[in-house]
Amino acid sequence: MTFDHSEFEAKWQKKWDDAKLFAAADDSGKEKFYVLVEFPYPSGDGLHVGHCRSYTALDIVARQARMSGKNVLFPIGFDAFGLPTENFAIKNKIHPRTATDKNIANFTRQLKSLGFSFDWERVVDTTDPKYYKWTQWIFLKFLEAGLAYQAKIPINWCVDCKIGLANEEVVDGKCERCGGKIERRVKQQWMLAITKYAQQLLDGLETVDFLPRIKAQQQNWIGRSEGAEVDFAITNSSEKIKIFTTRPDTLFGATYCVLSPEHALLEKLKPQIQNWDEVAKYISAAAAKSDLERTELAKEKTGVKLAGVTAINPVSGEEIPIFVADYVLASYGTGAIMAVPAHDQRDFDFANAMNSRPEIKYENPIKIIHVVEPENYEKISENQVSVFAAPAKDEGMSPKDGLIRMLKFQYSEIKKGIESHAFCFAGDGIAINSGQFDGLPTAEFKKKIITFLEEKGVGKMAINFKLRDWVFSRQRYWGEPIPVVHCEKCGIVPLPEKDLPLELPPVEKYEPTETGESPLAAITDWVQTICPKCGGAARRETDTMPNWAGSSWYFLRYIDPRNNQAFADPAKLKYWLPVDLYNGGMEHTVLHLLYSRFWHKFLFDQKFVPTPEPYARRISHGMILGPDGEKMSKSRGNVINPDEIVKKFGADTLRLYEMFIGPFDQAASWSEGGVAGVRKFLEKVWRLFEKLAASPNPELEKSLHKTIKKVSQDIAGRHFNTAVSSLMIFVNEATQVGLPQNLGEDLLRILAPFAPHLTEEIWVKLGHTTSIHLEKWPSFDSALAKDETITLAISVNGKLRDTISVAAEIGKDEALTLAKQSEKIQKWLDGKEIRKEIFVPGKMINFVIG
RNA sequence: GCCCGGGUGGCGGAAUUGGUAGACGCGCACGACUCAAAAUCGUGUGAGGCAACUUGUGAGGGUUCGAUUCCCUCCCCGGGCACCA
């Protein structure tokens with residue numbers, strides 16, 4: 001009557017495994033197709049239904065590609081270094097190696113229980129020394145190229161994890177993993193110079209097919225802005241302030257400069273700064289604040305005016321004050337700015353804050369000089385303007401009109417030479433109060449002023465990125481050891497290649513230390529070593545790599561996973577690269593995805609890989625939320641365990657349900673009822689084959705061809721939900737009229753990638769001796785997939801009034817004649833003049849009447 | 001504030017070179033089978049209306065013979081970035 005999935009799912013999984021049915025061949029004459037899913041972090045919690053969504057979708061793509069004659073590489077592995085395992089190991093007093101092996105075994109069991117067509121011959125594990133030998137090797141290449149370096153810098157220190165973090169790992173001022181507090185700590189750290197690749201990482205995005213939101217997020221993170229670097233001379237000093245601005249056209253309005261509290265110039269100017277005590281106090285107060293505090297307290301701007309030191313505006317020649325203020329960041333641009341309070345919101349706020357202090361207000365208030373007038377007042381948006389005090393409300397005038405009236409009045413005063421402290425305008429426009437440049441539109445002004453500055457030797461065109469170099473050191477045990485030694489004589493000495501891998505030593509205690517040193521530092525006989533260069537005493541580096549290291553190149557290792565001479569054979573790399581389709585979570589867009597593109601671009605420049613980009617196409621799946629519509633979490637108690645669904649309903653049901661749940665790239669809530677509905681569909685399929693129809697059915701054959709067409713197109717477009725629904729429609733129809741075997745076999749073929757176990761079981765029951773998964777993907781006959789008769793909609797004045805059934809190829813005249821014969825239509829047309837008759841072939845007719 | 005998504009029945013969602021809104025599934029109602037229930041099968045199901053018909057895709061405008069789809073203004077939800085000069 002119905003089927004018991006437990007009777008055949010495990011059976012087929014084992015048979016496919018034993019037969020190595022899905023192993024990719026490196027020497028195939030077929031067209032290659034590399035399908036990649038982000039390899040999981042084998043956590044103690046086991047597989048998440050979110051993994052299943054991603055893996056099932058790409059499994060379908062991989063299976064369909066195989067059936068269509070492609071040589072498919074669909075690998076899987078484990079990204080197993082990382083904090084949760086280490087913390088689990090510490091808590092339960094077991095070695096992280098043991099915990100990792102156990103977790104990998106559990107994940108493998110779960111992945112196999114879902115029937116994914118992974119190539120199990122190519123599994124990689126980032127914590128395997130045979131694997132991380134090459135992670136270390138790539139690190140040494142970075143070192144050789146000068147892109148890995150040590151720096152003493154303030155880093156993001158997670159208090160709970162006791163570990164330094166990259167900027168990318170800090171979310172809302174908190175640790176990306178544990179959500180704990182971040183402190184600033186100055187530490188000697190290994191860095192990777194990802195900023196050297198900022199432009200390439202940006203340009204590369206134009207050459208690949210990434211989902212628009214992924215591309216936008218990467219662009220956002222890289223944060224390129226174009227502008228100018230300008231030197232401001234300092235009175236009575238040979239020093240100068242180098243500033244970066246994106247608005248060099250507002251240079252005539254620069255009425256003060258600001259240095260960030262960390263700026264090196266402050267120390268140099270110390271002898272001239274008359275209020276050094278006050279300045280020093282401000283600097284140390286700023287240093288004590290965390291980044292989060294700095295931005296949280298951003299509402300009120302603070303700062304100190306340097307007494308006895310001023311700068312010279314290079315175009316106006318005006319002497320202007322210098323401030324130190326923490327609204328200027330040391331890490332961006334040159335760490336110093338020219339401030340244009342008339343055209344920058346932040347500078348305007350700061351100027352107002354300072355001008356409210358009596359000692360500044362009465363002595364020497366900050367000038368607010370407007371140098372840009374809006375070109376078209378009607379077009380300005382309200383958020384380009386900020387005002388010191390809201391203008392008086394006028395009866396019957398919209399806020400925007402009030403604003404425009406105020407601006408027009410203010411600018412007429414400004415042009416009379418009166419300074420206005422009332423407002424700031426941040427938009428583009430036409431230059432005023434800018435000497436010879438008056439009348440120039442913003443864009444043109446920018447070009448001209450840069451040329452002018454270059455000729456005068458006080459500035460140049462400049463580009464800045466928000467992207468910072470990658471903090472690559474971690475002070476924990478469970479990561480790849482950084483393969484260098486510190487020699488008193490020779491300095492930093494890389495380990496020779498023959499000494500790789502540098503394995504993690506066994507250790508008694510892998511707890512993090514309070515001092516912020518790696519647990520490895522305590523293993524004296526491992527730390528103390530000899531210098532490979534001079535043979536003298538040396539100390540090993542005790543920091544390890546971040547968990548992003550191993551995942552930055554794993555897709556390369558899949559191509560040649562057992563190679564001991566190289567990370568992969570160049571000929572194999574040339575055959576398989578780039579990855580044709582890569583799917584993963586949105587949460588990795590500015591972490592893993594950016595890092596791995598960076599590593600790949602570096603390896604390309606070093607001629608180790610044949611393509612400049614690793615991934616030709618990147619897509620992303622939406623999250624699966626709990627039945628309550630909230631993110632699944634243990635504390636909410638809304639976690640769905642795939643094991644339970646597989647046990648109760650079967651792997652095919654879980655797979656099919658997760659495809660049917662909604663559009664692949666959008667978030668979707670779990671629904672128990674939906675799972676049951678999909679299971680019912682599969683039972684319907686089963687019953688259909690228990691009693692096949694004897695006679696052929698041309699009508700049903702037409703439907704089948706339509707279904708083949710739709711499913712093929714939907715897999716290509718990754719509309720898995722509608723592919724499932726079209727399969728349901730066909731099965732419903734077949735249930736009504738009976739399914740002949742020849743049509744049933746094609747149904748099984750197109751259902752096979754979705755429900756591999758059930759289709760294999762039925763296939764064999766039909767008497768076949770080879771696997772359905774070796775079958776050819778059916779092609780459809782366009783003539784059969786087309787309808788001979790169609791329903792033509794007839795509307796009057798755009799409103800549907802009747803439908804008629806006609807031949808698909810019907811012409812306009814004939815259709816109109818038939819339409820006019822309809823009683824319903826006659827009623828609407830009766831006594832009215834037909835002004836227009838519109839005929840859309842195959843779709844509809846519209847009568848426009850008076 | 002800026003940059004991406006998204007807003008359609010009781011629910012998940014379908015339909016966009018503009019052309020019958022609500023496919024498919026869930027839920028619900030009724031019917032068949034059954035002593036009964038479950039399962040299964042069948043019928044119906046946006047709202048209002050006996051019906052003719054009216055109305056309906058976040059709100060309001062616009063273009064069009066015709067708008068979920070295109071344009072303008074705005075609201076709400078989700079994600080990312082944010083004192084980035």
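The values are calculated or read from the model by the stated rules, or taken from the named source; none is laboratory data. Since the structure is predicted, the reported quantities are computational estimates derived from the model, not experimental observations. Glycine gets a Cβ as well: all are built from the backbone with ideal geometry, and neighbour counts include every protein chain shown. What goes into the accessible areas is simple: the full protein's heavy atoms, side chains included, and nothing from ligands, DNA or RNA. Shrake-Rupley method; radii C 1.70, N 1.55, O 1.52, S 1.80 Å.
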Can you sort A:ILE337, A:ILE368 by solvent-accessible area, 1.4 Å probe, largest first? A:ILE337, A:ILE368
Report, in listed order, any pair from A:LYS30/A:LYS709; A:LYS270/A:LYS305; A:LYS93/A:LYS162; A:LYS152/A:LYS301; A:LYS11/A:LYS32; A:LYS498/A:LYS601 with a Cα-Cα distance greater than 21 Å. A:LYS30/A:LYS709; A:LYS152/A:LYS301; A:LYS11/A:LYS32; A:LYS498/A:LYS601
Taking only Cα atoms, what is the 0 to 90° angle, nearest 10, from helix A:399-415's long axis to the longest principal axis of chain A? 30 degrees
Could I have the simple spin-label model distance between A:LYS196 and A:SER284, label points 7 Å from Cα toward Cβ, reported in nm to one decimal? 3.9 nm
Each residue of region A:463-474 in order: what ³J(HN,Hα) in whole Hz does its phi give by Karplus 6.51 cos²θ - 1.76 cosθ + 1.60, θ = phi - 60°, with x for Gly and Pro? 10, 10, 10, 7, 4, 10, 5, 8, 6, 10, 8, 10
Hypothetical label at A:SER225: residues of region A:333-362 whose amide nitrogen lies under 16 Å (7 Å Cα-Cβ projection): A:333-350
Per residue, how much accessible area does region A:199-308 show when a 1.4 Å probe rolls over the protein heavy atoms, in square angstrom? 48 Å²
With every protein chain kept in the model, how would you rank A:TRP221, A:TRP548 by accessible area, 1.4 Å probe, largest at the top? A:TRP221, A:TRP548
So the carbon and sulfur contribution to the accessible area of chain A, 1.4 Å probe, in percent, is 52 percent
Taking the alpha-carbon distance from A:LYS836 and a cut-off under 26 Å, which lysines remain once sequence neighbours fewer than 8 residues away in the same chain are dropped? A:LYS799, A:LYS812, A:LYS820, A:LYS824, A:LYS827
If I ignore ligands, DNA and RNA and count only protein heavy atoms, how much of A:PHE348 is accessible to a 1.4 Å probe, in Å² to the nearest 10? 0 Å²
By the Cα gyration tensor axes a ≥ b ≥ c (a/c under 1.5 gives rounded; else a/b larger than b/c gives prolate, otherwise oblate), the shape of region A:109-216 is rounded
Taking the Cα of A:CYS178, stepping 7 Å toward and past its beta carbon, and measuring to each backbone N in region A:73-108: which are under 11 Å? A:83-84, A:87-88
Any chance you could run the full-extension gain for A:GLU144 through A:THR524? It's 0.36 nm times the residue separation minus the Cα-Cα distance, nm to one decimal. 134.0 nm
One finds, for A:LYS415 and A:LYS268 with R0 = 30 angstrom and r their Cβ-Cβ distance, a FRET efficiency to the nearest 0.05 of 0.15
Report the accessible area of A:LYS827, computed with a 1.4 Å probe over the heavy atoms of all protein chains in place, in Å² rounded to the nearest 10. 150 Å²
Run through every distinct alpha carbon pair of chain A and return the Kirkwood hydrodynamic radius in angstroms, one decimal place. 32.4 Å
Please give the helix A:96-113 orientation as an angle from the longest Cα principal axis of chain A, in degrees from 0 to 90, rounded to the nearest 10. 40 degrees
Bins of 5 Å, starting at 0 and running to the largest distance - Cα pair percent for region A:75-128: 4, 20, 26, 22, 14, 9, 4, 0
Alpha-carbon spread of region A:562-627, three principal axes, descending order, Å: 50, 22, 20
In whole Å, what are the Cα extents of region A:726-835 along the three principal axes, biggest one first? 71, 22, 22
So A:ASP665 and A:LYS489, fully extended at 0.36 nm per residue minus their Cα-Cα distance, gain in nm 57.8 nm
Once a ≥ b ≥ c are taken as the square roots of the eigenvalues of the Cα gyration tensor of region A:668-774, is the result rounded (a/c under 1.5), prolate (a/b larger than b/c) or oblate (a/b not larger than b/c)? rounded
Scoring chain A by relative contact order with C-alpha pairs under 8 Å, at least six apart, yields a percentage of 14 percent
How big is the charge dipole of region A:124-263 about its Cα centre, in debye rounded to the nearest 20, if each Lys and Arg gets +1 on its Cβ and each Asp and Glu gets -1 on its Cβ? 440 debye
What shape does region A:176-284 have by the C-alpha gyration tensor, where a ≥ b ≥ c are the square roots of the eigenvalues, rounded means a/c under 1.5, and otherwise prolate means a/b greater than b/c and oblate the rest? oblate
Average Cα contact separation per residue, region A:1-144, under 8 Å, 6 or more apart, as relative contact order %: 31 percent
Roughly what angle does helix A:129-144 make with the longest principal axis of chain A, taking Cα atoms, 0 to 90 degrees, to the nearest 10? 40 degrees
With all protein chains modelled, accessible area of A:MET67 [1.4 Å, Å²]: 10 Å²
Solvent-accessible area per residue for region A:1-154 (1.4 angstrom probe, square angstrom): 37 Å²
For region A:451-564, what does the relative contact order come out to in percent, with C-alpha contacts under 8 Å and a separation of six or more? 32 percent
To the nearest 0.05, how large is the calculated FRET efficiency for A:GLU514 and A:SER356 if R₀ is 41 Å and r is the Cβ-Cβ distance? 0.35
Accessible area expressed per residue, region A:407-493, with surrounding protein chains retained (probe 1.4 Å, Å²): 45 Å²
Determine, from the Cβ-Cβ distance of A:ASP18 and A:ALA566 and an R0 of 30 Å, the FRET efficiency 1/(1 + (r/R0)^6), rounded to the nearest 0.05. 0.45
Taking all protein chains together and a probe of 1.4 Å, list A:LEU329, A:LEU500 from the most accessible to the least accessible. A:LEU329, A:LEU500
Along the Cα→Cβ direction, 7 angstrom out, place labels at A:LYS574 and A:GLU672. What is the inter-label distance in nm? 5.8 nm
Between A:HIS768 and A:LYS843, what is the label-point separation in nm under the 7 Å Cα-to-beta-carbon projection? 4.0 nm
